[in-house]
1. In nm, to one decimal, how far is the T32 label point from the L373 one, both placed 7 Å along Cα→Cβ?
2. Along the charge dipole of the chain, Cβ charges K/R +1 and D/E -1, which of V41, V329, T52 sits furthest on the positive end?
3. GNM, the chain, Cα, under 10 Å: largest mean-square fluctuation among L373, L37, L255?
4. Looking at segment 305-393, which trypsin sites (Lys or Arg not before Pro) are DSSP coil and have at most 11 other C-beta atoms within 10 Å of their C-beta?
5. Once the convex hull of the alpha carbons of segment 180-301 is built, what does its volume come to per residue, in cubic angstrom?
6. Work out how far the C-alpha atoms of the chain reach from end to end along every principal axis, then list the three figures in whole Å, largest first.
7. Angle between the Cα long axis of helix 2-45 and the longest principal axis of the chain, 0 to 90 degrees, nearest 10?
8. Full-extension gain between V265 and K131, please, as 0.36 nm times their residue separation minus the C-alpha to C-alpha distance.
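Every number in this text was worked out from the coordinates using simple rules, so none of it is lab data. Predicted model, so just to flag it, every value in this text is computed and none were measured. Using ideal geometry, Cβ is built from the backbone for each residue, glycine included, and neighbour counts are taken over all protein chains shown.
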Amino acid sequence: MGKQIAALSFIYICVCAAWGILGITVSERTGTQHRSLGVQVERLWGSAQTQTAPVASVITAAPVENKDSKPVSTGLPLDSSKIDVDLKLDQRKKGLLWYPTYKVHFDGNYEVGNTSDEAQHVQIQFPLPSKQGVYDNISLKVNDERLPDVRPENGVITTTMELPAHSKKKFNVAYDSMGVWNWKYSFGSNLPMVRKFSLNMRTDFKDIDFPEGSRSPSEKIRSGKGWGLRWNYDNTMSGYDIGMAMPALLNPGPLVSSVTFFAPVSLFFFFYVMWLSTTLRSIKIHPMNYFFIGAAFFSFHLLLAYSVDHIPLEIAFLICSIVSVGLVVSYISRVVRDQMFVRQVALAQLTYLIFFSYTFFFEQFTGLIITCLSILTLFVSMQYTAKIDWQQLFSGNKITSQDADLALIEEAYGTGTA
């Protein structure tokens with residue numbers, strides 16, 4: 001008995017070492033691809049975008065007696081802001097990772113006012129989200145009159161207007177662009193005063209989330225396959241942004257890496273159940289049989305690691321499950337003629353390899369599910385071995401009173417034939 005346990009421990013350690021190497025390889029592949037392919041995705045689709053509110057300034061000419069002085073600008077708050085944002089998700093898969101790219105249509109309507117008794121020369125600066133971004137259908141209007149030949153300089157659209165005394169003017173900026181990960185709207189730095197602000201956002205996806213440090217919407221209404229969201233403020237000072245985090249699909253690389261690093265726990269439970277069952281049923285299984293079974297377990301993760309690059313994750317998982325279970329069941333059925341034992345082995349593999357691995361598709365519940373299954377395994381083992389004479393078992397003597405100990409198995413699976 002002691003030599004068998006030592007041999008099983010050695011086989012277990014060897015298989016775990018192989019899993020460790022495979023897990024590190026998958027993690028490194030994922031990190032390398034993210035560094036290289038992430039740059040490619042941003043070049044094609046742009047980076048995460050943050051649209052900052054425009055800045056209005058009153059330009060005062062320099063005194064005539066001081067020719068070296070530059071014009072002085074004084075900040076002018078926006079009287080109102082009405083913004084429409086349309087986000088369309090377009091998931092892109094590169095290697096072992098999914099990238100949540102999106103298309104955005106931005107349409108911002110703003111109003112500035114002159115409350116003084118004199119006309120003012122007002123400059124409007126509208127910073128685009130990124131200097132390296134791609135912007136289509138870009139337009140700038142002042143009082144519904146479209147200005148020709150809009151050319152941003154250093155990523156900023158600049159225009160000037162004359163604002164008569166006690167008057168207001170509207171200006172509009174619109175464009176189409178692309179990005180990845182998230183989209184944000186920032187009010188600017190230094191806690192600016194925001195007056196009569198309204199931002200309406202439409203999405204074509206239902207799984208919405210808001211970036212850390214952003215404000216939740218005032219209203220949220222389902223609209224088709226997505227949502228209609230609205231942020232309304234009359235007078236507020238806020239250092240928080242408004243934003244939307246694009247829903248990310250389950251990434252094959254990190255999932256396969258997690259499943260691979262968890263595999264030793266899976267194999268431990270399987271070996272434990274198999275050893276306990278064979279010992280109590282007096283079924284002879286050589287350590288080399290355990291070695292081949294461990295190799296069949298490893299084949300599941302090895303095939304999964306190199307198939308998710310080419311086929312969808314769910315299909316790859318199904319194929320790898322069929323291959324691994326087929327290897328183990330076809331092999332153990334030739335080693336042992338007890339069909340009930342073969343069914344037990346198949347059930348144990350489905351539970352501790354396939355189902356345990358599948359729990360990683362539900363990241364929030366993985367730990368809870370595995371904990372519950374572990375406790376259930378402990379309960380069954382305790383009930384199954386409650387009347388076992390462990391001293392007799394480890395002395396190498398054959399157990400003579402198996403009938404009571406096998407009652408639970410026969411009740412669950414029926415009577416098998418050797």
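1. For T32 paired with L373, the spin-label model returns 3.1 nm.
2. Going by the Cα projections, it comes out as V329.
3. L373
4. Within segment 305-393, the qualifying trypsin sites (Lys or Arg not before Pro) (loop, at most 11 other Cβ atoms within 10 Å) are K387.
5. It comes to 183 Å³ per residue, whole-number rounded.
6. Extents along the principal axes: 112, 39, 37 Å.
7. 20 degrees
8. 43.3 nm
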